[in-house]
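Worksheet for the structure shown next.
The values are calculated or read from the model by the stated rules, or taken from the named source; none is laboratory data. Here the structure is a predicted model, which is why all the values come from computation and not from measurement. Using ideal geometry, Cβ is built from the backbone for each residue, glycine included, and neighbour counts are taken over all protein chains shown. Ligands, DNA and RNA are stripped out before the accessible areas are found, and what is left, the full protein with its side chains, is counted by its heavy atoms. Shrake-Rupley method; radii C 1.70, N 1.55, O 1.52, S 1.80 Å.
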Amino acid sequence: MNPTAAGLPFRQTVYQIMGFDRLNFVGDVTNAIPQNETCRIMGLSFESDGIRANGQLTIQVPNEQYLLEIDQQLRAVRGLVSFRKTN
């Protein structure tokens with residue numbers, strides 16, 4: 001059973017993220033996600049080779065509107081090349 005906030009079911013979304021490796025890149029990605037009682041980071045995994053950073057970010061949100069906001073915030077991260085939702 002999914003956790004709920006104010007009676008609303010959460011949906012889990014996984015992002016595949018690719019960008020240029022730089023100082024604070026992962027921190028900037030996580031800061032693009034509003035963390036409050038309705039939006040949570042559930043998992044985070046990144047690997048880098050000194051040039052590229054590839055990662056997976058799992059979040060829980062109550063509805064699609066939050067995902068639209070997160071998409072906009074991720075597009076603003078310096079060095080982010082691409083991201084896609086895998087579910």
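The figures follow:
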item	result
Sequence-separation-based contact order of the chain, relative, with Cα cut under 8 Å and 6+ spacing, percent	43 percent
Heavy-atom accessible surface of the chain: percent carbon and sulfur, 1.4 Å	48 percent
Under the Karplus curve 6.51 cos²θ - 1.76 cosθ + 1.60, θ = phi - 60°, whole-Hz ³J(HN,Hα) for the stretch 28-38, x wherever Gly or Pro sits	5, 5, 5, 5, 6, 9, x, 9, 8, 5, 10
Stokes-Einstein diffusion coefficient of the chain, Kirkwood radius over Cα pairs, 37 °C, 0.692 mPa s, in µm²/s	247 µm²/s
Over the chain: helical MRE at 222 nm, DSSP H runs n ≥ 4 each giving -39500 (n - 2.57), nearest 500	-6500 deg cm²/dmol
Sparse-neighbourhood loop sites, chymotrypsin sites (Phe, Trp or Tyr not before Pro) in the stretch 46-87 - DSSP loop, at most 10 other Cβ within 10 angstrom	none
Dipole in debye (nearest 20) - the chain, about Cα centre, beta carbon charges: Lys, Arg +1; Asp, Glu -1	100 debye
